[in-house]
Structure formats: C-alpha cells, structure tokens
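The values are calculated or read from the model by the stated rules, or taken from the named source; none is laboratory data. In this text the structure is predicted, and so the values were computed from the model without any measurement. Every residue, glycine among them, receives a Cβ derived from its backbone with ideal geometry; neighbour counts consider all protein chains shown.
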Amino acid sequence: MKIKRQILPDLLERLSNPEILILMGARQVGKTFLLNELEKYCIKKKKKTKYFNLELPEDSRYFAKDIVALYEEITHEVDYLFIDEFQYFNNASKFLKAIYDDKRLKIKVIASGSSSLEMHKHLKESLAGRKQTRLIRPLSYLEFNQTKEKFSKYLQSGGNPGLVNQKSFESKIELLKEILQTYIMKDIKALIKEENISAFNNLLYNLASSQGQIISTNSLALELKVSNITVESYLDILEQTYVLYKVPSFAGNLSNELKKSKKYYLYDLGVRNAILNDFSSFEKRIDKGAILETYLLHFLISNCPQNGEIRFWRTRSGDEIDFVFLKNRKPYILEAKSKLTKLEIPKPFHTFIKNYPGLQGAYVVNLNLEGTLDYKGLTVNFIKYENLELDDEFKSIFKNDQ
C-alpha cells in the first residue's frame with residue numbers, strides 16, 4: 001500500500017523554485033519515497049533527471065572522484081538532480097553552491113539527509129539564500145489512518161512508513177528494532193567513541209522510560225557515570241539526528257515558575273517501544289499518559305507554524321501543564337489526559353488562566369470525551385486524540401497568520 005504524504009503537494013510546489021531543496025529527517029521516515037515521487041513527477045513533465053543514493057557503494061564511489069570531473073559529468077543534460085543521503089558527500093557545499101550559482105545551468109537540486117551534524121560538517125560554505133529545508137517526520141495519524149488501522153495500533157507501532165506493508169505484528173517489531181540498530185551502529189558510531197556506545201544506549205533507555213518528565217543532565221551524568229558535557233553532547237546528537245525533541249519551560253509572570261527546565265520526547269512511539277522492548281497493546285500499558293502526551297507533542301510539532309513555539313509550564317508548588325503553544329508570543333494551553341471520565345477543568349488551568357489574562361485558548365485532549373466548559377470567560381475545549389487531525393476549528397490556531 002502506498003500512503004499519500006501530506007507534505008508532498010508542498011514539495012511539488014517547491015520544484016519550480018530555484019533554491020536547493022533539502023529534505024531532512026530521521027531514518028526510515030520516507031525521505032527516499034518522497035524523492036522518488038518528486039522524480040516521477042519531473043519525468044512525467046518530460047524533464048531530464050539524475051538520481052543518486054550515496055549509501056549505495058557505486059554512487060558513493062562515483063561522488064568520490066575529482067570534483068571538477070564530477071561537476072562536468074553530473075551537470076550535463078539534466079534539469080533535476082536528486083541526491084539521497086547527501087551528508088556523506090564531503091564536498092557538498094562547494095558542489096551545490098557551484099551548481100546554484102551557475103545560472104546557465106538552470107538545474108534544480110533536491111537532496112535528503114538524516115543528520116544535520118554530518119550536513120553541517122560538509123556544508124563548510126554557507127548556502128544561505130540558496131536552500132530551502134523541509135523536515136520530514138513519521139506518518140501522522142491522519143496519514144496512518146489510510147490503512148484503516150485503529151488509533152491504538154498507531155500508538156503501539158508508531159508512524160514509520162515502512163511498517164505499513166509489513167504483514168505481521170512480528171515483522172513490524174523486527175523492522176523497528178532494525179531501524180534502532182541501524183541508527184546506533186551506523187549513525188551514532190560515526191559520531192561518538194566506540195567505548196561510549198554502552199552509555200549512549202543507557203541514555204536512550206533512560207529518555208524513553210522517563211519521557212515527558214523533567215530531565216536533569218546532572219542526574220543523568222551521575223547515573224551513566226559520564227560527565228555533564230558528555231550527556232549534553234549525546235542529547236545534542238539525538239536532536240541533530242532528528243531522534244529527540246526538546247521542549248523548554250515557559251515562564252512569565254510568576255516568581256515560582258520553572259524557567260530553565262527541559263523535557264525530552266523521542267520522535268516516534270514505535271521506536272520508543274523498540275528502545276523499551278515493550279510492544280504490548282496500548283490497553284495493557286502502564287505508561288498510557290506518557291504515550292498520549294507524546295502523541296500530542298508530535299501533533300503540535302507537525303502543525304507548529306514558523307511564528308509558533310512549544311513549551312511546558314510548571315511551578316515549584318506542583319502546578320503543571322503539558323504544553324504551552326505560543327503563536328506570536330500569545331499562549332494556548334494543552335493538557336493530555338489518559339483517564340478522564342467527565343468534563344472537568346484541570347486545576348493547573350485555573351492558576352494559569354488567573355495569571356495570564358492574555359490566554360488565547362485552552363484544550364484538554366483525552367480518549368473519550370468532547371465538549372466545552374467555561375471558566376472566567378474562557379472556553380475550555382475537550383477533544384479526543386483521534387479527532388485532532390479532523391477538527392478544523394482546533395487546527396486553525398496553527399495557521400501562520402499575521
């Protein structure tokens with residue numbers, strides 16, 4: 001089955017722009033599929049294309065030749081040049097810059113990469129003003145729902161597109177473990193010392209098991225028996241390889257708000273389950289709250305406009321709200337619930353609403369209930385998780401308006 005990706009129309013539209021188009025994202029999120037779809041579109045339009053995957057030995061060897069000879073060969077009789085996993089190309093910046101700046105060529109370059117660390121290493125010359133970057137994420141539930149699978153199955157296996165065509169649950173588990181091992185053995189080994197792989201694995205497990213909790217690098221360093229600097233470098237690697245999302249705290253009017261704390265979330269629920277080695281059904285999980293909170297974050301990240309930010313809120317007295325979405329610095333608050341049995345406004349909402357009169361909206365996302373309650377002139381909305389993608393009124397708050 002072929003899933004229709006929501007981002008594809010946007011990418012097709014960008015084919016007519018002169019800027020280099022770079023697709024970034026974690027492994028197995030569908031970057032190669034999207035490159036193939038873009039190339040098919042170009043061929044259908046009678047355009048000349050060339051496609052290279054630098055993870056393939058023959059293509060990697062081809063790109064290792066003298067850059068002048070490579071440039072002359074590749075730019076001959078081509079309209080659209082596709083380079084998959086271009087972070088392995090040592091002369092990437094010089095090469096791409098030369099193609100873009102040579103206006104006689106009129107060649108559009110579309111590239112993909114899995115590591116911004118590797119990309120920045122090889123993009124020694126700035127491509128500012130010459131490139132457009134799009135982050136490719138795992139399947140949203142709306143995309144996954146094309147398979148007609150239940151929402152609980154999405155929470156169990158996650159959104160890696162390759163899972164769609166796996167016939168059995170066992171083959172899905174095998175693929176998720178393979179994705180995890182490929183990431184550790186291929187990407188991470190190239191970035192950290194081999195003797196520290198064990199500490200890195202332990203960090204991954206710790207992050208997966210404490211997902212949604214405030215993380216202290218000092219505590220992690222003590223537990224892993226490494227330095228604070230090492231922990232911070234590992235967290236940076238996880239972020240730069242698109243495997244980890246960092247959510248900082250929100251603070252404004254109150255003296256007892258946490259101001260420098262952070263929470264971390266893995267990019268995919270299935271990969272998190274592979275790290276924990278727990279593939280039990282959602283109904284049997286004891287960490288339902290963390291799973292649903294992560295799902296809500298993934299939705300927010302996928303829909304966050306350029307003028308938006310995602311944070312969390314917590315006070316030293318214990319009030320906490322899972323997410324504060326800021327658009328043009330104006331807040332909306334969102335809470336993920338796993339055990340809601342009646343429409344009831346969370347107590348931390350009372351504190352936040354009282355102290356932030358500029359609050360734009362409040363949402364309680366849960367499994368079963370929908371409706372509204374009013375509190376001090378503000379409407380608190382209750383929405384089911386599986387309806388987030390379908391609620392046009394809710395999704396309108398993420399529009400990139402003025």
(request) Mind listing just one residue for me: the one in the range 315-350 that is farther than 14 Å from N366 by Cβ and among the β-branched types (V, I, T) and, of those, surrounded by the most Cβ atoms within 10 Å (Cβ to Cβ)? (result) I333
(message) Quick check on G113: is it small (G, A, S) and at pLDDT 90 or above?
(response) no
(message) Going by what's in this entry, would P18 be described as in a loop (DSSP other than H, G, I, E, B) and out of contact with any Pro (no Cβ under 6 Å at 6 or more places or on another chain)?
(response) yes
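Each row is one residue, and each column tells you yes or no for (1) surrounded by 16 or more Cβ atoms within 10 Å (Cβ to Cβ); (2) more than 23 Å from R27 (Cβ to Cβ).
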| residue | (1), (2) |
| --- | --- |
| L180 | yes, no |
| M185 | no, no |
| L191 | yes, no |
| N196 | yes, no |
| I215 | yes, yes |
| N218 | no, yes |
| A221 | yes, yes |
| N228 | no, yes |
(request) Would you please name the residue that is surrounded by the most Cβ atoms within 10 Å (Cβ to Cβ), looking only at residues in the range 302-314 that are touching a Phe, Trp or Tyr at 6+ places or on another chain (Cβ under 8 Å) and at pLDDT below 95? (result) G308
(request) Would you mind stating whether L35 is at pLDDT below 95 and aliphatic (A, V, I, L, M)? (result) no
(request) Could you pull out the residue among S168, S157 that is of a type in the set (G, A, S) and exposed (fewer than 15 other Cβ atoms within 10 Å of the Cβ)? (result) S168
(request) Could you tell me which residue of the range 34-63 is nearest to P161 (Cα to Cα), considering only residues that are free of Cβ contacts under 8 Å to residues at least 24 places away in the same chain and among the hydrophobic types (A, V, I, L, M, F, W, C)? (result) L56
(request) Spot the failing condition for K121; the list is (1) modelled with pLDDT under 90; (2) closer than 30 Å to A190 by Cα; (3) in the same structural domain as Y183 (by TED's automatic domain parsing), and only one is missed. (result) (3)
(request) Please indicate, with yes or no, whether at least one residue in the range 84-97 is of a type outside the set (K, R), out of contact with any strand residue (DSSP E or B) (no Cβ under 9 Å at 6 or more places or on another chain) and touching a residue at least 60 places away in the same chain (Cβ under 8 Å). (result) no
(request) Name the one entry in Y264, Y234, Y242, Y295 that is assigned to a strand (DSSP E or B), within 21 Å of the chain's Cα centre (by Cα), surrounded by 19 or more Cβ atoms within 10 Å (Cβ to Cβ) and not β-branched (V, I, T). (result) Y264
(message) Please count how many residues of the range 333-377 are touching a residue at least 12 places away in the same chain (Cβ under 8 Å), outside any strand (DSSP E or B) and of a type in the set (G, A, S).
(response) 2
(message) Taking the criterion of being hydrophobic (A, V, I, L, M, F, W, C), within 30 Å of S93 (Cα to Cα) and surrounded by fewer than 17 Cβ atoms within 10 Å (Cβ to Cβ), would at least one residue in the range 132-142 satisfy it?
(response) yes
(message) Need pairs with beta-carbon distance below 7 Å; first residue in the same structural domain as A208 (by TED's automatic domain parsing) and modelled with pLDDT of 80 or more and within the range 177-188, second basic (K, R) and surrounded by 14 or more Cβ atoms within 10 Å (Cβ to Cβ); sequence gap 6+ or separate chains.
(response) I179/R27; T182/R27; Y183/R27
(message) Out of the residues in the range 378-395 meeting the condition of being outside any strand (DSSP E or B) and surrounded by fewer than 17 Cβ atoms within 10 Å (Cβ to Cβ), tell me which one is farthest from the chain's Cα centre (by Cα).
(response) E393
(request) Output the residue which, of all residues in the range 48-77 that are among the aliphatic types (A, V, I, L, M) and surrounded by 17 or more Cβ atoms within 10 Å (Cβ to Cβ), is nearest to L191 (Cα to Cα). (result) L54
(request) Report the residue count in the range 144-174 for those that are touching a residue at least 12 places away in the same chain (Cβ under 8 Å) and either outside any helix (DSSP H, G or I) or closer than 15 Å to F33 by Cβ (or both). (result) 10
(message) Pairs needed: first member in the range 231-251, under 19 Å from D187 (Cβ atoms) and assigned by TED's automatic domain parsing to the domain that holds K193; second member anywhere, surrounded by 17 or more Cβ atoms within 10 Å (Cβ to Cβ) and among the acidic types (D, E); C-beta distance under 7 Å; at least 6 residues apart or different chains.
(response) T241/D187
